[in-house]
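The values are calculated or read from the model by the stated rules, or taken from the named source; none is laboratory data. Every value quoted in this text rests on a predicted model; they were computed, and no experiment measured them. With ideal geometry, Cβ positions are generated from the backbone for all residues, glycine too; neighbour counts draw on all protein chains shown.
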Amino acid sequence: MSKTIIITGGAGFIGSHVVRLFVTKHPDYKIVNLDKLTYAGNLENLKDIDKLPNYEFVKADITDVDAIRAVFTKYKPDGIIHLAAESHVDRSITNPMEFIQTNIVGTVVLLNAARELWKDNMEGKRFYHISTDEVYGSLGETGLFTETTSYDPRSPYSSSKASADHLVRAYFHTYKLPTVVSNCSNNYGANHFPEKLIPLSINNIKNNKPIPIYGKGENVRDWLYVVDHARAIDVIFHKGIIGETYNIGGNNEWTNIDLIHLLCKIMDKKLNRPAGTSEKLITYVKDRAGHDLRYAIDSSKLQSELGWTPSLQFEEGLEKTVDWYLANDEWLQNVVSGGYEKYYQKQYVQR
Ligand code: NAD
Ligand code: TYD
C-alpha cells in the first residue's frame, strides 16, 4: 500500500461517495473509513465496496481523544480527509451544542492527533478539511463567493463549520501542519439523507405527502452532483497547494420553488402520473429562522489551477437521483424507519 488515508464521516452522504471513489480509483491506497455512525451514518451506502481489500471501517467518535489517538497510532495515516460533521441546518437551530462538539471540538481532536503523529516528519502528509460555502454568509441578488470573501456565517451549523475552518488554517500557520480546505455548495445525489430538501421531496412526492417549502421558496442554492464533489476532493487532495483554500460549485443556481417544479415534473414522468399531479403537493410552511437568501460560488480557481470541472448538467443529475431513489426503495424505507441502525449494529461492535 503506497498510502494510508483516513476518511472521517465516510458512512454519510458525501463521505460514502468519496470512500467509493478512493477505494476503487486508488487500489494501492489503504482507505480507513472512520465514522461514529450517527443517525446520518449508514454502512449500507458502502456495501458494494466494503469487501475490497484496501477498505476498512472503524467505528469511532471524533470527539473522543483517546479513541482517535489509538486509531492514528494503529493506522499511521499519511492523509486525513475530514468530512465527519453534524450537517443539517434545521437540527443546528434546535440543538446547537452537538454541532459545537462534533464540528469544532472533533476537528481539533483530529488536528491534534495528526500533529502528534506527524511531528517529526510532515513530508508527504496532508490534512484535508471539507467545508461548506455557508461559512461566507448570505448573498443578495448578485455576486459570488470567492476564496477571499470574508466569513459571515449565520446559522449554528455554518458558524461551527467556519470555526473549524479557522482552526484548520491556524494549525497551518502556527504548527506548519500541512492543511488544505475546500468550501462546497449544496450537494445532491444518491445516499442523501431524506431530511434535506431534494431527498425529502422525492420521498414525500412518492408517498403523496406535502412538499414543505420554507417561506416563499425564493431562496437560492447552487447545486452540485455529489460525484462531482467527490472528484473535486480527489483532485484537491492530490494537487491542491498546502495552506490553500478551494471553492467548489456547480455554477447552477436555482430558487427552491423552481427546483421543486422541475422535480415534480420528473417525478410525474417517472411515476406515470398525469402532468401536474406532484405540484399539488407543494405546501408553503413557516420560514426557517435566519434563512440565508442566496448562496452562489465562484469555483474558477479550482477550474483554472487544478483542472476540475463539473461533469453533469442539473436536469440530468436530478433525473439520475430520482432514478436512484425509486430503484432503492429499501434503502429509503430503512433510513426513514431507522432500520439501517440494526444493519450496522449486527455487523460492528463499539470499539
Ligand atoms: P452527513 O450528515 O450525511 O454525514 C455525516 C457523517 O459524519 C455521518 O456518517 C456521521 O455518522 C458522521 N459523524 C457525525 N458525527 C460524528 C462524530 N462525532 N464522529 C465520527 N463521525 C461522525 O453529511 P454530508 O452531507 O455527507 O456532509 C459531509 C461533510 O461535507 C460535512 O463536513 C459537511 O459540512 C460538508 N458539506 C456538505 C454539503 C452538503 O450539501 N451536504 C455541502 C458542502 C459541504
Ligand atoms: P437543505 O437541503 O436543508 O440545505 P441547506 O440548508 O444546507 O442549504 O435546504 C436547501 C434549501 O431548501 C434551503 O433554502 C432550505 C429549503 N428547504 C425547504 O424549503 N423545505 C424543506 O423541507 C427543507 C429541508 C429545506
Among the residues in the range 1-18, are any more than 16 Å from ligand 2 (Cβ to nearest atom), touching a Phe, Trp or Tyr at 6+ places or on another chain (Cβ under 7 Å) and among the charged types (D, E, K, R)? yes
Could you check, for the range 2-21, whether at least one of its residues is free of Cβ contacts under 8 Å to residues at least 12 places away in the same chain and farther than 17 Å from PRO194 by Cβ? no
Being more than 10 Å from ligand 1 (Cβ to nearest atom), surrounded by fewer than 20 Cβ atoms within 10 Å (Cβ to Cβ) and among the polar types (S, T, N, Q) is the filter; apply it to the range 61-102 and report the residue that is nearest to GLY10 (Cα to Cα). THR73
Taking the residues in the range 119-168 that are acidic (Asp, Glu) and more than 19 Å from ILE80 (Cα to Cα) as candidates, determine which candidate is surrounded by the most Cβ atoms within 10 Å (Cβ to Cβ). ASP133
Given the options SER182, SER163, name the one that is among the hydroxyl-bearing types (Ser, Thr, Tyr) and either within 21 Å of LYS265 (Cα to Cα) or more than 15 Å from the chain's Cα centre (by Cα) (or both). SER163
With GLU141, GLU134 as the choices, which residue is closer than 30 Å to GLU319 by Cβ, away from ligand 1 (no atom under 15 Å from the Cβ) and out of contact with any Gly (no Cβ under 7 Å at 6 or more places or on another chain)? GLU141
Only unsatisfied item for CYS264, checking (1) modelled with pLDDT of 95 or more; (2) crowded, with 22+ Cβ neighbours inside 10 Å; (3) within 24 Å of the chain's Cα centre (by Cα), is (3)
In the range 144-178, residues that are of a type in the set (S, T, N, Q), away from ligand 1 (no atom under 15 Å from the Cβ) and touching a residue at least 12 places away in the same chain (Cβ under 8 Å) total 3
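Do we find that ILE68 is over 16 Å from the mean Cα position of the chain (by Cα) and under 30 Å from SER138 (Cβ atoms) in this structure? Before the answer, list the steps.
Numbers: over 16 Å from the mean Cα position of the chain (by Cα): yes; under 30 Å from SER138 (Cβ atoms): no.
When the stated conditions are applied, ILE68 does not pass them.
If I go through the range 128-162 residue by residue, how many of them are part of a helix (DSSP H, G or I) and touching a Ser or Thr at 6+ places or on another chain (Cβ under 6 Å)? Lay out the reasoning, then the answer.
From the range 128-162, those part of a helix (DSSP H, G or I) are 133-136, 156-162; that's our starting set.
From what's left, touching a Ser or Thr at 6+ places or on another chain (Cβ under 6 Å): 133-136, 156-157, 161.
Here the count works out to 7.
Residues in the range 169-198 that are among the hydroxyl-bearing types (Ser, Thr, Tyr) and surrounded by fewer than 20 Cβ atoms within 10 Å (Cβ to Cβ): how many?
Kept after step one, since they are among the hydroxyl-bearing types (Ser, Thr, Tyr), are these residues of the range 169-198: 171, 174-175, 179, 182, 185, 188.
Okay, now just the ones that are also surrounded by fewer than 20 Cβ atoms within 10 Å (Cβ to Cβ), so 174-175.
Total satisfying the criteria: 2.
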Out of all the residues in the range 105-118, is one or more hydroxyl-bearing (Ser, Thr, Tyr), away from ligand 1 (no atom under 13 Å from the Cβ) and part of a helix (DSSP H, G or I)? no
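Being within 24 Å of SER337 (Cα to Cα) and more than 10 Å from ligand 2 (Cβ to nearest atom) is the filter here; which residues of the range 186-225 pass it? First the steps, then the outcome.
Step one: filter the range 186-225 for residues within 24 Å of SER337 (Cα to Cα), giving 187-213.
Within the range 186-225, GLY189, ALA190, ASN191, ILE202, ASN203, ILE205, LYS206, ASN207, ASN208, LYS209 qualify.
Residues checked against (1) of a type in the set (S, T, N, Q); (2) over 30 Å from GLU123 (Cα atoms); (3) touching a residue at least 40 places away in the same chain (Cβ under 8 Å); (4) more than 16 Å from ligand 1 (Cβ to nearest atom):
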{"site": "HIS192", "(1), (2), (3), (4)": "no, yes, yes, no"}
{"site": "TYR246", "(1), (2), (3), (4)": "no, no, yes, no"}
{"site": "TRP254", "(1), (2), (3), (4)": "no, yes, yes, no"}
{"site": "GLY276", "(1), (2), (3), (4)": "no, yes, no, yes"}
{"site": "ALA289", "(1), (2), (3), (4)": "no, yes, yes, yes"}
